[in-house]
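To start, the structure under review is shown below, and the notes come after it.
None of the figures in this text is laboratory data; all of them are computed from the coordinates on show. Given the structure is predicted, the values throughout are model-derived calculations rather than measurements.
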Amino acid sequence: MGDNWISRKVQNVVAGAGNAVGGVINAVGDGVSGAGRGLGNSVTYTTRGWGDGVRSYGNAVKDATGAKGIRAPTATNPLGLSGAKTNAGLLTAGKPKGQTSSTRGTANNPLGLK
């Protein structure tokens, strides 16, 4: 009877220690996995933002030039709808009011406004 009792106690202690160590290792693994997921999501969202920016720029060029065809869908324009044709005038509108050819921007007045 004594052997069985001691054997069970030793097995319980070993199993308890194994469970504790296994739990710690699993927690570390979960942390590493979570960090990897967070980093992956960050990269995904950053590159998605860059892609949307490039597509939006391409759409603006198409709108400004009056090009025919479909526009790329973006986060801010999921249907890829054409913009107003008045955008073309913005590209060739000239200088802002109050600015002359000799006016240059400074640190205090970066737009060179009078």
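If the viscosity is 1.306 mPa s and the temperature 10 °C, what translational diffusion coefficient in µm²/s does Stokes-Einstein give for region 1-88 when Rh comes from Kirkwood over Cα pairs?
The calculation lands on 87 µm²/s.
State the extension gain, in nm to one decimal, for the chain segment bounded by N41 and I70, taking 0.36 nm per residue of separation less the distance between their alpha-carbons. Numbers along the way, then the final one.
Values: separation 29, 0.36 × 29 = 10.44 nm, distance 2.96 nm.
Length difference between fully extended and current span is 7.5 nm.
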